[in-house]
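Data block below; observations after.
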Ligand code: HEM
C-alpha cells in the first residue's frame with residue numbers, strides 16, 4: 001500500500017494550489033510540444049517513403065526541404081531554418097517540462113497531500129513513467145546520432161557523404177550494415193513506446209479525454225504508433241535486404 005499519484009487540491013492552501021497550477025501548465029506544455037513533434041515525425045516518415053519512388057523523387061523532396069520550403073513567400077533556404085528553430089524550441093521545452101514534472105513527482109512522493117493509488121494502477125503508472133523516461137533518453141541519443149549522420153554529415157557510414165546525393169547516402173548507409181539497421185530498430189521501438197503512451201496522455205492532459213472517447217484515443221495512438229514504426233522501418237529494411245538500391 002501507499003503509492004502516490006493524483007493530487008487532492010480541493011482543501012489545499014493557496015501555495016499548494018499555485019504549485020498545482022504550475023504543474024498543470026508544465027503538463028500542458030509537454031502535451032502541446034509532444035503533439036507538434038509527432039506531426040513532424042509523421043511528415044518525416046512520409047517523406048522518407050519517397051525512397052521507394054526512386055532517386056529523383058527522393059532527391060527532389062530533399063531539395064524541396066533544404067531549399068524551396070516556403071518559397072517564394074520567404075527566401076530560398078530560410079524555410080528549413082524556421083522548421084529547425086521551431087523543432088529545437090519544442091524539444092527543449094518538452095524536455096524541460098518533463099524534467100520539472102519528474103522532479104516535482106519525486107519530491108511530492110511520500111507527502112500526505114496525495115491520494116493513494118495501489119495495486120495494478122500504481123504499477124501501471126510507475127511502469128509508464130519509467131518507459132517514457134528511458135524511451136525518451138534513447139530517443140534523444142538517437143536524435144543526436146541521426147543529425148550527426150544525415151544533417152551535419154559528421155558520421156559517414158558506408159561512403160563519402162559529401163560526394164553523395166541524399167538518396168545515395170541512405171543507400172550506402174543501410175546496405176549490408178546490420179548494426180546500423182539494429183540501431184534504427186531500437187530507436188524506432190523507443191519512438192513507438194514513447195509515442196504510444198505520449199499521444200494518449202497528451203489528449204488526456206488537454207482535457208479531451210472522456211470515458212466514451214477512451215477507446216477512440218487508445219485506437220488513435222495505436223494507429224499513429226503503428227504507422228510510424230512500419231513507415232520508418234520500411235526504407236532501412238528494404239535497403240538492407242537489397243530491395244531498393
Ligand atoms: C528509420 C528512421 C529514419 C530515417 C531512415 C531517417 C532519415 C533521414 C534522412 C535521410 C535525413 C536527411 C534528409 C535530407 O538529406 O534532407 C533525415 C533528417 C532528419 N531527421 Fe530523420 N530519419 C529517421 C527517423 C527520424 C526520427 C525518428 C526523427 C526524430 C526523432 C528524425 C529527425 C530528423 C531531423 C530533425 C532531420 C533534419 C532535418 C533538417 O534539419 O535538415 N528522423 N532523416
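The values are calculated or read from the model by the stated rules, or taken from the named source; none is laboratory data. Everything numeric here is computed off the predicted structure, so don't read it as measured data. FYI the Cβ positions are ideal-geometry reconstructions off the backbone, even for glycines, and counts take in every protein chain you see.
Couple of notes before you dig in:
- Among the candidates 9, 51, the residue that is surrounded by 14 or more Cβ atoms within 10 Å (Cβ to Cβ), modelled with pLDDT under 95 and touching a helix residue (DSSP H, G or I) at 6+ places or on another chain (Cβ under 6 Å) is uniquely 9.
- Unique residue being surrounded by 14 or more Cβ atoms within 10 Å (Cβ to Cβ) and either at pLDDT 95 or above or within 16 Å of the ligand (Cβ to nearest atom) (or both) when the list is 163, 129, 90, 152: 90
- Residue 39 being closer than 23 Å to residue 207 by Cα, modelled with pLDDT of 95 or more and out of contact with any helix residue (DSSP H, G or I) (no Cβ under 9 Å at 6 or more places or on another chain): yes
The rows are residues; the columns are (1) closer than 29 Å to residue 137 by Cβ; (2) assigned to a helix (DSSP H, G or I); (3) more than 14 Å from the ligand (Cβ to nearest atom).
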| residue | (1), (2), (3) |
| --- | --- |
| 181 | yes, yes, no |
| 186 | yes, yes, no |
| 191 | yes, yes, no |
| 201 | yes, yes, yes |
| 213 | no, yes, yes |
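- Evaluation of residue 175 against (1) within 12 Å of the ligand (Cβ to nearest atom); (2) crowded, with 16+ Cβ neighbours inside 10 Å; (3) more than 27 Å from residue 23 (Cβ to Cβ) (one fails), failing number: (1)
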